[in-house]
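See below for the structure under consideration.
Bear in mind these aren't lab numbers, they're just calculated from the coordinates by the rules spelled out. It should be emphasised that the depicted structure is a prediction, and the values quoted were computed from it without experimental measurement. So basically every Cβ, Gly included, is an ideal-geometry build from the backbone, and we count neighbours across all protein chains shown.
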Amino acid sequence: MDQDIQGQIVQFVADLKKEDEKIGWAEIAERVKAKFPKVGKVSLTANAIRKRYNAWLMESEGSKKSDSKKQGEIITPQVKEQLRQELMEGVRAYIEECLKGVVEGICIEVSERVFQERFSNFQNLTREVSPELYEYPPSPPLPETVEGTRRHTVARGKLAGTVDAALLELFESERKKRGYNVSRMLDVVLWNYFAIGKPTKPSLSFERKYKDENSGGSDAPEPPNAPDDSTFVPHS
């Protein structure tokens, strides 16, 4: 039964190809499904129909060759060209179907590598390459100053020593870009360093002093807002 249906399908396809040589296999498959809605286990995909048709075409041409030899006839150039085109189309479709998964896998792998490379480059960007992507470490608050002067209202400690020349170069470059003097830049570096791994930043001397003076209970007022860096005037 299946063989009879397959034979009918192949003949139907041959008639379609005669009517329109440029008809595509997707359209042929749709026409076949409409013509043969009940075909049992016979596959009606475009690839399956194409394979059966090409096999039939080869058998038909082989039979014609045999008959031609007996009768002294030859296959016309038109028939040869049609057979060649049909076979090439079938081979091309088979290769595309086999390579589809491989090509998709390669594309995904290449995309992942490109993304990882771009993301790694993005992480390695420095302030000199892209200033808008750089975020300064926060600066500690400043105490109030004596009215009419730039002197702080709390005592300042002194620090003396030497550092590696390369570190000093980085320190000076950062300090100048932020418009800080050496003392202010040291505050920034040490304040951030001693906050590493801790939930809060270290309290500064004027903050401790204020807490000590106002340690009368939970209703003690908060320290006054210290000026931020936007109001800090650098001086040497």
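Structure notes:
- Full-stretch length increase - Ala155, Phe194 - with 0.36 nm per residue and alpha-carbon distance subtracted: 12.0 nm
- Calculated FRET efficiency for the pair Asn47/Arg118, C-beta based, R₀ 41 Å, to 0.05: 0.60
- Extension gain (nm, one decimal) between Val110 and Lys201, 0.36 nm per residue minus Cα-Cα: 28.3 nm
- Point-to-point label distance, Lys38-Glu172, nm (Cα→Cβ direction, 7 Å offset): 9.6
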